[in-house]
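Worksheet: one structure, shown below.
The values are calculated or read from the model by the stated rules, or taken from the named source; none is laboratory data. A quick note: this is a predicted structure, and the numbers were derived from the prediction, not measured. Because the Cβ atoms are built from the backbone with ideal geometry, glycine has one as well, and the counts that use them run over all protein chains shown. These area figures cover heavy atoms from the full protein model, side chains too; ligands, DNA and RNA do not enter into them. Shrake-Rupley method; radii C 1.70, N 1.55, O 1.52, S 1.80 Å.
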Amino acid sequence: MLAGRAGTSRKAQHVNYRVQPTAQVDESAEIGAGSSIWELAQIREGAKLGEGCVVGRGAYVGSGVRIGDNVKLQNFALVYEPAELGDGVFVGPAVVLTNDQYPRSVDPDGRQKRGGDWEAVGVKVAEGASLGARSVCVAPVRIGRWAMVAAGAVVTKDVPDFALVVGVPARRIGWVGRSGVRLVAREREPGVWECPQSGAVYEEEDGALREQRVAPAP
Ligand SMILES: CC(C)(COP(=O)(O)OP(=O)(O)OC[C@H]1O[C@@H](n2cnc3c(N)ncnc32)[C@H](O)[C@@H]1OP(=O)(O)O)[C@@H](O)C(=O)NCCC(=O)NCCS
């Protein structure tokens, strides 16, 4: 792996990230310090990745896509524009973030559609959320903070913060905390959930989950 070189990027020769020689990083893309771009990955024009990101083999980042810090795109993940990924998002292998709600190659007259002939719609993935292997997020859709999408799920509706969703179409089967582990309901305390791993406490109200605020020590 080359350090601080981006194959097609002149700008990148002065920056502090690593890119494999077979990856294609457009010269107008911005890649944050400490990021790694692996073999055959493609980062399109105007895309912006934060610091400490990992882009796996064969992954695709579309034009103008916005990606935060410490995001992992596993092998062959396809992130089509205008997706936006917050800090710490995990995108599993072969995940697809779509961008065309009613895709057609041609218009009703059979003429080939081009770039401006359709309206791209995006997927937003909020801070800390994870998308399991080979899941599909059908745009437009928002995945909430620290939510967990199961392997193979097809997400067609917004996913609330901390929700665990599975299946096709994806349905919520529980809640997860920041550690990703499923939360357990506290006995005799309706609406209170606890992480068995970290002990962190969450409160459910009106179908939404919030982290319990710890009062500062006096
Ligand atoms: C969704 C997931 C987090 C659930 O893990 P868990 O909390 O340990 O849940 P369990 O294995 O106890 O399963 C709970 C239920 O969900 C079902 N389930 C689990 N994973 C599922 C999936 N991917 N799709 C559909 N249903 C799933 C189980 O069959 C079980 O159903 P049941 O209650 O009717 O028996 C996990 O199965 C998963 O998909 N993780 C993502 C793995 C991944 O893609 N990693 C990427 C890096 S390789």
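The sole residue among Gly132, Gly92 that is within 13 Å of the ligand (Cβ to nearest atom), buried (at least 16 other Cβ atoms within 10 Å of the Cβ), within 11 Å of the chain's Cα centre (by Cα) and more than 30 Å from Glu27 (Cα to Cα) is Gly132. Only residues that are more than 27 Å from Val138 (Cα to Cα), open to solvent by 60 Å² or more (accessible area, probe 1.4 Å) and touching a residue at least 24 places away in the same chain (Cβ under 8 Å) were counted across region 172-210, and they come to 0.
Which residue out of Pro103, Pro169 is over 24 Å from Ala200 (Cβ atoms) and either buried (at least 20 other Cβ atoms within 10 Å of the Cβ) or in contact with a strand residue (DSSP E or B) (Cβ under 8 Å, 6 or more places away or on another chain) (or both)? That would be Pro169, the only listed residue that is over 24 Å from Ala200 (Cβ atoms) and either buried (at least 20 other Cβ atoms within 10 Å of the Cβ) or in contact with a strand residue (DSSP E or B) (Cβ under 8 Å, 6 or more places away or on another chain) (or both). When Ala153 is tested against (1) without any contact (Cβ under 8 Å) to a residue 40 or more places away in the chain; (2) closer than 25 Å to Gly64 by Cα, only condition (2) is not met.
Would it be correct to say that Ala83 is at pLDDT below 95, buried (at least 18 other Cβ atoms within 10 Å of the Cβ) and away from the ligand (no atom under 16 Å from the Cβ)? When the stated conditions are applied, Ala83 does not pass them.
In contact with an Asp or Glu (Cβ under 9 Å, 6 or more places away or on another chain), within 14 Å of the ligand (Cβ to nearest atom) and more than 25 Å from Asp69 (Cβ to Cβ): does that describe Val184?
Criteria met by Val184.
Inside region 95-109, can you point out the residues that are of a type in the set (S, T, N, Q) and within 16 Å of the ligand (Cβ to nearest atom)?
none
Ala139 passes every criterion in (1) in contact (Cβ under 8 Å) with a residue 40 or more places away in the chain; (2) within 16 Å of the ligand (Cβ to nearest atom); (3) not basic (Lys, Arg) apart from (2). Within region 151-166, the residues that satisfy the criterion of being open to solvent by less than 20 Å² (accessible area, probe 1.4 Å) and more than 10 Å from the ligand (Cβ to nearest atom) are Val155, Val159, Phe162, Ala163.
Within region 172-181, being within 11 Å of the ligand (Cβ to nearest atom) and over 21 Å from Asp206 (Cβ atoms) holds for Gly180, Val181. Could you say whether any residue in region 16-39 is within 19 Å of the chain's Cα centre (by Cα) and within 16 Å of the ligand (Cβ to nearest atom)? Taking every residue of region 16-39 in turn, at least one turns out to be within 19 Å of the chain's Cα centre (by Cα) and within 16 Å of the ligand (Cβ to nearest atom). When each of Gly7, Gly52 is tested for being among the small types (Gly, Ala, Ser) and at pLDDT below 95, the lone residue that passes is Gly7.
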